[in-house]
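Below is one structure, written out as structure tokens; comments come after it.
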Amino acid sequence: MTNKRKISILGSTGSIGRQALEVIEKLADKFEIIALTGGSNTELLTEQALKFKPKYICTGKKTSINIAGIKTLYGTEGLEEICSNKENDIILVAVSGKIGLRPTLKAIENGIDIALANKETLVMAGDIVMQRAKNLGVKIIPVDSEHCAIHQCIKDIKQVEKLIITASGGPFLNKTVTDMKNATVSEALAHPRWNMGRKITVDSATLMNKGLEIIEAHHLFNMPYDKIDVVVHPQSIVHSAIEYVDGSVIAQLGLPSMHIPIQYAITYPERFAGIKSKSFSFAEIARLDFEKPDFNKFPSLNFAYHAGKTGGSATVCLNAANEEAVFAFLDGKIKLYDIYSITEEMMNSHNVLQNPTIDEIFDIDNEIRIKTQELINLTHV
């Protein structure tokens, strides 16, 4: 990497975005920041802008931010303007939720590579996104530790027999269904290995996060669902693995740290010392445990396989219904285990549309969210 790589970070005030800036600060001679974006956290965004001096910043709504030499943009239009700027060599999409989809498509349309840390982009519209990227020769490098691990293991996808996605098991791995049904919000947010946002942490507690990752893996690596396995690995040292057709299994290991997959994605195909927690020691780790996930206790895995194999708008429904149920749980309106029954009911009542357009995907997403809220208000509030 002789010249500085020009990068924009969508969602620089979130967990992934903040860690990405830590990586970039460590590799300051390798990167030039074109734009930083944050939703409502204008105070942090302002601090970041003053420190890293991007050309553009973007906030969710119009604000009074005025920094000399930096142009301030707003809303989805601002995100799409940034993603249309061909100065960018790569854009890190680290916003959460469906807001990441249209900007990602805009970046692809403009031939800009993507470091993807937004689940909804592929869960909602994986067929469209991956096909457009393929047609335009755009690289999509996954930031999720599991997909990043698989990406690092693959030399030739045609020789891969199976993907093996690891899961920590979350805070309820060794708890009973009764424990989960009576779980408090604070218990659900007490993840044993990773420090993440509230929504994704609840998804990790229900293993829905792993379900969404199954769908993402299908799209990222064009792998049939029957060849994507999940294994519980409490230590979170093996981040994922692949099995080749000859029986060889290649895994990517490392101490739990999002700095590593973030750095891999934004520097690919090169590697640099950058940030690392400490040198890895097999002797210190001492043991690695694995077990099959309990599909009865964590039915979200079944939901994800079913939605993925059904295709079309089924994954849109899964994502929207689950997200609204998670928000209701965080707001104290429902119990943790109600997330499963609400999501399942919405999926069972959804009339799947195959090959939806982007506009139809957003319409369906909105419709499912309204219906999920109505169901919650009718039966749980």
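Take the residues of segment 7-51 that are among the polar types (S, T, N, Q) and free of Cβ contacts under 8 Å to residues at least 24 places away in the same chain: which is surrounded by the fewest Cβ atoms within 10 Å (Cβ to Cβ)? Steps first, please.
Filtering segment 7-51 down to residues among the polar types (S, T, N, Q) leaves 8, 12-13, 15, 19, 37, 40-42, 46, 48.
Now restrict to residues that are free of Cβ contacts under 8 Å to residues at least 24 places away in the same chain: 40, 42, 46.
Numbers: S40: 12, T42: 19, T46: 20.
Once the filter is applied, the top-ranked residue is S40.
Quick check on segment 203-217. Is at least one of its residues in contact with a strand residue (DSSP E or B) (Cβ under 9 Å, 6 or more places away or on another chain), more than 25 Å from Y337 (Cα to Cα) and in a helix (DSSP H, G or I)?
Checked against the condition, which is being in contact with a strand residue (DSSP E or B) (Cβ under 9 Å, 6 or more places away or on another chain), more than 25 Å from Y337 (Cα to Cα) and in a helix (DSSP H, G or I), segment 203-217 yields at least one hit.
Would a scan of segment 57-78 turn up a residue that is more than 21 Å from Y268 (Cβ to Cβ), acidic (D, E) and within 25 Å of the chain's Cα centre (by Cα)? Break it down stepwise before answering.
If we filter segment 57-78 for residues that are more than 21 Å from Y268 (Cβ to Cβ), which is where we start, we get 57-78.
Then drop every residue that is not acidic (D, E), which leaves 77.
Checking which are within 25 Å of the chain's Cα centre (by Cα) leaves us with 77.
Within segment 57-78, one or more residues are more than 21 Å from Y268 (Cβ to Cβ), acidic (D, E) and within 25 Å of the chain's Cα centre (by Cα).
Each row is one residue, and each column tells you yes or no for (1) within 19 Å of C148 (Cα to Cα); (2) of a type in the set (A, V, I, L, M).
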residue: G197; (1), (2): no, no
residue: V202; (1), (2): no, yes
residue: L212; (1), (2): yes, yes
residue: M223; (1), (2): yes, yes
residue: D229; (1), (2): yes, no
residue: P234; (1), (2): yes, no
residue: H239; (1), (2): yes, no
residue: V245; (1), (2): no, yes
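Would you confirm, using the coordinates I've provided, whether K98 is modelled with pLDDT under 95, buried (at least 18 other Cβ atoms within 10 Å of the Cβ) and in the same structural domain as E120 (by TED's automatic domain parsing)?
Numbers: modelled with pLDDT under 95: yes; buried (at least 18 other Cβ atoms within 10 Å of the Cβ): yes; in the same structural domain as E120 (by TED's automatic domain parsing): yes.
Answer is yes for this residue.
On the given criteria, is G126 surrounded by fewer than 23 Cβ atoms within 10 Å (Cβ to Cβ), closer than 18 Å to S12 by Cβ and within 18 Å of the chain's Cα centre (by Cα)? Reasoning before the result, please.
On the way: surrounded by fewer than 23 Cβ atoms within 10 Å (Cβ to Cβ): yes; closer than 18 Å to S12 by Cβ: no; within 18 Å of the chain's Cα centre (by Cα): yes.
No, not satisfied.
For (1) of a type in the set (A, V, I, L, M); (2) within 20 Å of the chain's Cα centre (by Cα); (3) surrounded by 15 or more Cβ atoms within 10 Å (Cβ to Cβ), each residue gets a yes or a no:
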site: L122; (1), (2), (3): yes, yes, yes
site: G137; (1), (2), (3): no, no, no
site: D144; (1), (2), (3): no, yes, yes
site: H151; (1), (2), (3): no, yes, yes
site: K158; (1), (2), (3): no, no, no
site: L173; (1), (2), (3): yes, no, yes
site: D203; (1), (2), (3): no, yes, yes
site: L212; (1), (2), (3): yes, yes, yes
site: A217; (1), (2), (3): yes, yes, yes
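I need the full set of residues from segment 151-194 which are within 25 Å of R18 (Cβ to Cβ), in contact (Cβ under 8 Å) with a residue 40 or more places away in the chain and in a helix (DSSP H, G or I), in order please.
Across segment 151-194, the qualifying residues are H151, Q152, V185, A188.
How many of the residues making up segment 104-147 are within 26 Å of A167 (Cα to Cα), in a strand (DSSP E or B) and either of a type outside the set (A, V, I, L, M, F, W, C) or touching a His at 6+ places or on another chain (Cβ under 6 Å) (or both)?
The total comes to 1.
With modelled with pLDDT under 95 and β-branched (V, I, T) as the only criterion, which of T357, T379, T372 stands out?
Values: T357 fails: modelled with pLDDT under 95; T372 fails: modelled with pLDDT under 95.
Testing whether each residue is modelled with pLDDT under 95 and β-branched (V, I, T) leaves just T379.
In this structure, does A167 turn out to be farther than 25 Å from A241 by Cα and assigned by TED's automatic domain parsing to the domain that holds H219?
On the way: farther than 25 Å from A241 by Cα: no; assigned by TED's automatic domain parsing to the domain that holds H219: yes.
No: the conditions fail for A167.
Taking segment 52-106 as the region of interest, how many residues are farther than 30 Å from G126 by Cβ and aliphatic (A, V, I, L, M)?
Count: 4.
Any idea how many residues of segment 329-372 are in contact with a helix residue (DSSP H, G or I) (Cβ under 6 Å, 6 or more places away or on another chain), under 17 Å from G308 (Cβ atoms) and part of a loop (DSSP other than H, G, I, E, B)?
Residues that pass the stated criteria total 2.
May I ask you to say which residue of V177, V185, V93 is closer than 30 Å to I364 by Cβ, assigned by TED's automatic domain parsing to the domain that holds E213 and aliphatic (A, V, I, L, M)?
Details: V177 fails: closer than 30 Å to I364 by Cβ; V93 fails: assigned by TED's automatic domain parsing to the domain that holds E213.
Unique residue meeting the criteria: V185.
Can you give me the number of residues within segment 358-378 that are surrounded by fewer than 18 Cβ atoms within 10 Å (Cβ to Cβ), touching a residue at least 24 places away in the same chain (Cβ under 8 Å) and either among the β-branched types (V, I, T) or under 18 Å from K297 (Cα atoms) (or both)?
1
Run down I157, I82, I108, I141 and say which single residue is over 18 Å from I9 (Cα atoms) and either out of contact with any Pro (no Cβ under 6 Å at 6 or more places or on another chain) or not hydrophobic (A, V, I, L, M, F, W, C) (or both). Explain how you work it out, then say what you get.
Details: I82 fails: over 18 Å from I9 (Cα atoms); I108 fails: over 18 Å from I9 (Cα atoms); I141 fails: over 18 Å from I9 (Cα atoms).
Of the residues listed, the single one that is over 18 Å from I9 (Cα atoms) and either out of contact with any Pro (no Cβ under 6 Å at 6 or more places or on another chain) or not hydrophobic (A, V, I, L, M, F, W, C) (or both) is I157.
The values are calculated or read from the model by the stated rules, or taken from the named source; none is laboratory data. Source: prediction; values computed, not measured. Here Cβ is always computed from backbone atoms with ideal geometry, including for glycine, and neighbour counts include all displayed protein chains.
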